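The values are calculated or read from the model by the stated rules, or taken from the named source; none is laboratory data. Worth saying up front: this structure is predicted, and the values here are computed from it rather than measured. Quick reminder, even Gly has a Cβ in these numbers, built from the backbone with ideal geometry, and neighbours come from all protein chains shown. With ligands, DNA and RNA removed, areas are computed over all heavy atoms of the protein, side chains included. Shrake-Rupley method; radii C 1.70, N 1.55, O 1.52, S 1.80 Å.
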Amino acid sequence: DEDFMKNLNAIDRVARLVLAALLLELAYFWLAGAWQIASTVAGCVMLVTAGVGFCPIYKIFGLSTASAGKAAPSNFLVSMAVLLLVGVVVGGSYGSMFFTRKLFLEDFNAMNNYYKQTLFFTGKNEREKAVSNYEKLLPSFRDFQLKYTAYQPYALKGDAQLPLDMVRVATVLADVNPLVRGGDLHQAHLDLEKVRPVFQDVFKRNGFTMLAVALVDFHDAMELVLDAANQKDPVKLISLYPEVSDKLKLVEAEAQDAEIQAIRKNLDGLLAGAKSDGKDTLPAKAEVLKSSFVKVYLSRG
């Protein structure tokens with residue numbers, strides 16, 4: 001009969017439901033290609049076996065957990081199991097949406113930094129520096145293109161235009177090669193300018209803002225300052241300040257409300273603390289700066 005066929009107890013079934021949720025979230029939010037297929041299949045197998053209470057692999061090897069759980073679980077255990085499952089599904093989905101979006105922006109900013117430097121030095125007619133950054137830009141963009149053509153994070157799912165935009169950017173970067181290395185740098189600068197609106201359109205149609213891009217870029221520089229503050233190293237903090245301040249200026253160019261102004265105030269307060277040699281106050285000031293940033297990033301990043 002039905003009870004005889006079951007070889008999974010309640011705890012085993014709940015564990016499989018949790019594992020199914022994790023595998024399906026992994027497949028949907030994080031993986032691509034063969035790994036995505038494998039994770040999806042494994043998740044579905046866990047889901048089905050948990051639902052019917054029967055595991056064919058257990059049957060083959062003569063295993064069973066059903067006998068260990070004949071008594072019905074208490075209401076408390078059922079409630080805890082439900083809460084755990086909801087937490088994994090809701091928390092895992094929200095966390096995956098948040099962190100895959102953040103990772104995409106971090107990857108973009110890492111690549112875009114070389115683009116901006118190449119653009120800047122071609123505009124300044126400084127060939128040696130332009131070539132140096134261009135040579136770093138090419139492999140950086142190639143890796144970015146390969147990753148986000150094969151895999152799209154949740155924030156970009158369904159964007160059929162994205163792979164085509166990647167090809168457009170790759171074409172521009174390839175075409176300016178002779179100009180950057182030995183041709184007209186001014187024309188190279190004008191041609192490279194064509195890349196910017198392509199990515200601006202990507203962000204716009206997928207619900208990103210340039211403020212979000214700037215916030216992630218600022219975050220990476222800010223973390224170095226926070227580390228110096230927590231180490232009570234004012235000399236290092238002061239040396240890092242110009243870069244993080246410049247990154248914050250890009251944020252301020254996108255928004256200048258009270259929350260953004262609070263970040264600036266706290267950053268400059270940290271610098272003032274470093275210059276006054278108040279080493280012991282630096283960790284507390286760093287925490288205030290971090291809190292003001294997190295407040296903005298969670299709501300608008």
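For the chain, the longest principal axis of the alpha carbon atoms and the long axis of helix 10-25 meet at an angle near 30°.
Counting only heavy atoms of protein chains, what accessible area per residue, in Å², does the stretch 200-288 have with a probe of 1.4 Å?
Per-residue value: 49 Å².
State the percentage of accessible surface on the stretch 195-301 attributable to carbon and sulfur atoms; use a 1.4 Å probe and exclude ligands, DNA and RNA. Percent of accessible area from carbon and sulfur atoms in the stretch 195-301: 54. When you filter the GluC sites (Glu not before Pro) in the stretch 131-224 for DSSP loop state and at most 14 other Cβ atoms inside 10 Å of their Cβ, you are left with Glu193. Within the listed set Ile57, Ile260, Ile238, the Gaussian network model of the chain (springs between alpha-carbon atoms below 10 Å) gives the highest mean-square fluctuation for Ile57. Within the stretch 157-301, the proportion of Cα pairs with more than 18 Å between them is 64 percent.
When each pair of different Cα atoms in the stretch 153-239 is counted once in the 1/r mean, what is the Kirkwood radius in angstroms, to one decimal?
16.1 Å
With contacts taken as Cα pairs under 8 Å at a separation of at least 6 residues, the stretch 229-301 carries a relative contact order of 43 percent. Here the relative contact order of the stretch 90-210, from alpha carbon pairs under 8 Å that lie six or more residues apart, stands at 28 percent. Mean residue ellipticity, 222 nm, helices only, the chain: the sum of -39500 (n - 2.57) across DSSP H runs of n ≥ 4, divided by residue count and rounded to 500, is -25500 deg cm²/dmol. Return one number: the angle in degrees, 0 to 90 and rounded to the nearest 10, between the long axis of the Cα atoms of helix 75-86 and the longest principal axis of the Cα atoms of the chain. For helix 75-86, the angle is close to 30 degrees. Once each of the trypsin sites (Lys or Arg not before Pro) sitting in a DSSP loop with at most 13 other beta-carbon atoms within 10 Å is removed, the chain keeps 158-301 as its longest stretch.
If you take all other residues with their beta carbon under 10 Å from the beta carbon of Ala155, and give Lys and Arg +1 and Asp and Glu -1, the sum is +2.
The Rg/Rh ratio for the chain, using Cα coordinates for both the radius of gyration and the Kirkwood hydrodynamic radius, is 1.12. Net charge of the neighbourhood of Leu85, taken over other residues with C-beta under 13 Å away and scored Lys/Arg +1, Asp/Glu -1, is +1. Given the stretch 1-129, what whole percent of its Cα pairs are spread farther than 26 Å? Value for the stretch 1-129: 46 percent of Cα pairs lie more than 26 Å apart. By how many degrees, between 0 and 90 and to the nearest 10, does the Cα long axis of helix 234-254 differ from the longest principal axis of the chain? Relative to the chain, helix 234-254 is tipped by roughly 90 degrees.
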